Structures are given as structure tokens and as C-alpha cells.
Amino acid sequence: MNPYILFVGRFAEYKGVDWAIEAFSRISQKSGVRLRLMGDEEDQDSARVKDMVRKLDARDIDVLPFQRNKSELLQQMQQSLFTLVPSRFYENLPNTILESFACGRPVIATNLGSISEIVQDKVNGLLFSYGDMDDFARKMEWLIAHAEPRERMGEAAFSLIQTEYSRERHLEKLMKVFEHVKGVVPELEAVAG
């Protein structure tokens with residue numbers, strides 16, 4: 001099986017799937033790696049993506065249905081070299097990043113908003129400049145060619161999930177919010193009283 005890069009998500013423009021195709025097409029002839037786009041919903045966005053792939057004559061890009069079976073999706077992530085999150089608009093915390101990190105895979109993502117708070121450049125993934133397809137392509141090419149740093153980034157990604165995004169850590173943060181609210185409510189009642 002050929003090594004591959006993975007994009008998972010809706011094929012809506014704001015998810016940046018077209019950026020992934022464009023940047024990958026700049027390196028694909030020399031990389032020996034495939035790009036798997038997992039998110040085909042047989043809708044207008046899917047038709048647009050398939051048309052773009054066809055026009056580029058990109059034989060090393062696979063357009064796959066969105067995988068609703070979580071274990072199959074995670075297996076695809078675990079077997080990938082890395083995943084792509086090329087968002088065009090602000091997103092709070094894309095699930096694809098968390099799932100990829102949980103599989104020990106680094107992420108290349110847009111340096112945009114809160115995404116750069118979880119994807120730490122050169123630590124657990126790489127960030128590319130918004131709209132800069134040359135930068136995006138260079139980051140893909142570099143991560144493909146450098147297996148050791150890629151694996152270290154994947155280990156750092158998995159470690160981050162274990163320490164900052166575990167159930168225990170989530171519960172701890174939630175309890176702090178409740179404690180804060182518990183302290184604020186009596187103050188508000190006193191002021192309103």
C-alpha cells in the first residue's frame with residue numbers, strides 16, 4: 001500500500017479541501033505519496049471536488065466517502081503519514097485535530113485563530129500561512145521527507161491528548177468553571193437583591 005496523507009471532513013469550501021488539492025498537486029509527481037480525501041457526501045461540494053481532481057488529472061488523489069464507522073476512520077488516521085486541516089475560516093477545535101493526535105499523527109493546519117493553540121508549529125505538526133499554497137506544499141513535502149521528525153511530532157501530539165484533553169483533565173477544567181460560577185452567583189444575587 002502506498003503511503004498517504006489524509007483529509008477528513010466535509011468538502012465545504014470553508015474546510016479548505018480545495019487548498020489541500022491545490023497544494024498537494026504541486027508536489028504529488030515527485031512525492032510518491034497519495035492524498036486521501038475522506039468526506040464525499042455525493043452533494044454539490046463533492047461534485048466540485050471531484051471536478052477539481054479530474055481537471056488537474058490528479059491520479060494520486062483518492063476521493064472517498066465520509067467514514068461514519070469511527071474505528072475505520074481512526075484506522076485510516078493511524079495508517080496515514082499525517083492529516084491536513086486547511087481551514088479557511090475560524091474553527092474552535094476541529095475534531096479532526098483531536099482524532100489525529102489521539103492516533104499519534106501530526107497535523108498540517110492553517111495558521112488561523114485557535115487552531116494554532118493546539119497545533120504547535122514544529123512540535124506536534126506544522127502551520128502554513130493562510131492562503132499560501134506554496135507554503136502549504138512546502139510543509140507537506142518537508143513532512144513527507146522527514147520521517148524521524150514526523151514521528152516525534154506524532155508522539156508529541158499523542159502526549160498532548162493524554163495530558164490536556166483526557167477525560168480527567170476535561171472534568172478538572174469543568175469543575176473549575178462550576179466552582180467559579182458557584183462563587184459568582186451569590187455575588188450577583190447580592191448585587192441584584
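The values are calculated or read from the model by the stated rules, or taken from the named source; none is laboratory data. The structure displayed is predicted, hence computed values, not measured ones. Here Cβ is always computed from backbone atoms with ideal geometry, including for glycine, and neighbour counts include all displayed protein chains. What goes into the accessible areas is simple: the full protein's heavy atoms, side chains included, and nothing from ligands, DNA or RNA. Shrake-Rupley method; radii C 1.70, N 1.55, O 1.52, S 1.80 Å.
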For this session: Test L73 against the criterion of being aliphatic (A, V, I, L, M), in contact with a helix residue (DSSP H, G or I) (Cβ under 9 Å, 6 or more places away or on another chain), at pLDDT 95 or above and open to solvent by less than 10 Å² (accessible area, probe 1.4 Å), and give yes or no.
Result: no
Exercise. If you check T96 against the conditions, is it crowded, with 18+ Cβ neighbours inside 10 Å, out of contact with any Pro (no Cβ under 8 Å at 6 or more places or on another chain) and of a type in the set (S, T, Y)?
Worked result: yes
Problem set entry | the stretch 2-34 - residue that is of a type in the set (A, V, I, L, M, F, W, C) and free of Cβ contacts under 8 Å to residues at least 40 places away in the same chain and, of those, nearest to R59 (Cα to Cα) | F11
For this session: Just give me the residues in the stretch 15-32 being within 13 Å of E141 (Cα to Cα), in a helix (DSSP H, G or I) and open to solvent by 20 Å² or more (accessible area, probe 1.4 Å), in sequence order.
Result: S25, Q29, K30, S31
For this session: May I ask you to say which residue of E179, E117 is under 17 Å from the mean Cα position of the chain (by Cα) and charged (D, E, K, R)?
Result: E117
